[in-house]
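The structure appears right after this line, and notes come after that.
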């Protein structure tokens, strides 16, 4: 039978179709994350190096409120970006800190080392960076124009894990840090957090045999900061059951904890919808107002 098309033509068509499909998928992914496009248009007021490790400088991306002075004593909204500890960067969470800077707070999005097994960077190192960042902010409160007793640590997904770790993982510290400076924030705000690193949660393979040392739900104790958690019941990445168990254990320990549930919400549900993002920010504002921080 005579071939209608040469093999080379068919191969070119397949490759072209594959490339077009990839580009389409990428464009759809971008359109599904409207916050990314907004973040791309934002720039911080300043960047400050909070830590140098392995000849690499790690930065605080600072958004100051209008009229901010170094002599101010503002509340500070510190956030850690998500990305499974392995991708994304501080820019990803610019819209969060910009929002609270417009509410009169100092907003800080933290850059940290990403987990890279080949480079010898573990999730423990990610946690060390998060704790170093909170220490730096508290130690340099006078220079940054903030109140060292009004620190909110927040984040999404793996970033929420790091925020929680600033309060929970007392034994995970950089050797060069001044351990006399507390890393415990005054409030925790955890968006769709990695809260359980067991096989039933997220990150067990990345955290390895020492997973329990980095599992927030397994480190709940009395005396933790007031905590807000936003989580969707349809989350298959960081299962909702972990967030629910975290809330229960927090309340049992006598801590203040509020879990706001979004019925059917997938992982990161409000980063895909600006209306849901606005709702999440208002829910956060209400919680912070109740703590006297906004």
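The values are calculated or read from the model by the stated rules, or taken from the named source; none is laboratory data. It should be emphasised that the depicted structure is a prediction, and the values quoted were computed from it without experimental measurement. Counting neighbours? That spans all protein chains shown, and the Cβs are built from the backbone with ideal geometry, glycine included.
So which residues in segment 86-112 are over 16 Å from residue 47 (Cβ atoms), in a loop (DSSP other than H, G, I, E, B) and touching a strand residue (DSSP E or B) at 6+ places or on another chain (Cβ under 9 Å)? 86, 102, 103, 104, 105 - these are the residues of segment 86-112 that are over 16 Å from residue 47 (Cβ atoms), in a loop (DSSP other than H, G, I, E, B) and touching a strand residue (DSSP E or B) at 6+ places or on another chain (Cβ under 9 Å).
Scan segment 222-239 and give yes if some residue there is assigned by TED's automatic domain parsing to the domain that holds residue 253, out of contact with any strand residue (DSSP E or B) (no Cβ under 7 Å at 6 or more places or on another chain) and within 18 Å of residue 124 (Cα to Cα), otherwise no.
If we filter segment 222-239 for residues that are assigned by TED's automatic domain parsing to the domain that holds residue 253, which is where we start, we get 222-239.
Then drop every residue that is not out of contact with any strand residue (DSSP E or B) (no Cβ under 7 Å at 6 or more places or on another chain), which leaves 222-224, 234-239.
Then keep just the ones that are within 18 Å of residue 124 (Cα to Cα); that gives none.
The answer is no, given that none of the residues of segment 222-239 is assigned by TED's automatic domain parsing to the domain that holds residue 253, out of contact with any strand residue (DSSP E or B) (no Cβ under 7 Å at 6 or more places or on another chain) and within 18 Å of residue 124 (Cα to Cα).
Looking at residue 205, is it touching a residue at least 60 places away in the same chain (Cβ under 8 Å), in the same structural domain as residue 94 (by TED's automatic domain parsing) and over 27 Å from residue 258 (Cβ atoms)? Step through it out loud before you land on a result.
On the way: touching a residue at least 60 places away in the same chain (Cβ under 8 Å): no; in the same structural domain as residue 94 (by TED's automatic domain parsing): yes; over 27 Å from residue 258 (Cβ atoms): yes.
The answer is no for residue 205.
Scanning segment 137-164 for residues that are crowded, with 23+ Cβ neighbours inside 10 Å and either part of a helix (DSSP H, G or I) or without any contact (Cβ under 8 Å) to a residue 12 or more places away in the chain (or both) turns up 137, 144, 158, 159, 160, 161, 162, 163, 164. Of the residues making up segment 261-275, those that are within 22 Å of residue 105 (Cβ to Cβ) and surrounded by fewer than 16 Cβ atoms within 10 Å (Cβ to Cβ) number 1. Has segment 168-176 got at least one residue that is touching a strand residue (DSSP E or B) at 6+ places or on another chain (Cβ under 6 Å) and either farther than 30 Å from residue 32 by Cβ or in a loop (DSSP other than H, G, I, E, B) (or both)? Checked segment 168-176: no residue is touching a strand residue (DSSP E or B) at 6+ places or on another chain (Cβ under 6 Å) and either farther than 30 Å from residue 32 by Cβ or in a loop (DSSP other than H, G, I, E, B) (or both).
Given the criterion surrounded by 12 or more Cβ atoms within 10 Å (Cβ to Cβ) and either in contact with a helix residue (DSSP H, G or I) (Cβ under 7 Å, 6 or more places away or on another chain) or outside the structural domain of residue 171 (by TED's automatic domain parsing) (or both), identify the matching residue among 116, 36. Reasoning before the result, please.
Working: 116 fails: either in contact with a helix residue (DSSP H, G or I) (Cβ under 7 Å, 6 or more places away or on another chain) or outside the structural domain of residue 171 (by TED's automatic domain parsing) (or both).
Testing whether each residue is surrounded by 12 or more Cβ atoms within 10 Å (Cβ to Cβ) and either in contact with a helix residue (DSSP H, G or I) (Cβ under 7 Å, 6 or more places away or on another chain) or outside the structural domain of residue 171 (by TED's automatic domain parsing) (or both) leaves just 36.
Looking only at segment 276-294, filter to residues that are within 22 Å of residue 220 (Cα to Cα) and in contact with a helix residue (DSSP H, G or I) (Cβ under 9 Å, 6 or more places away or on another chain); which one of those is surrounded by the most Cβ atoms within 10 Å (Cβ to Cβ)? Walk me through how you get there before you give the answer.
Initial filter on segment 276-294 (within 22 Å of residue 220 (Cα to Cα)): 284, 287-288, 291.
Right, trim to in contact with a helix residue (DSSP H, G or I) (Cβ under 9 Å, 6 or more places away or on another chain) and you get 284, 288.
On the way: 284: 24, 288: 22.
Among them, the one singled out is 284.
Of all the residues in segment 40-61, those that are assigned to a strand (DSSP E or B) and touching a residue at least 12 places away in the same chain (Cβ under 8 Å) number 11.
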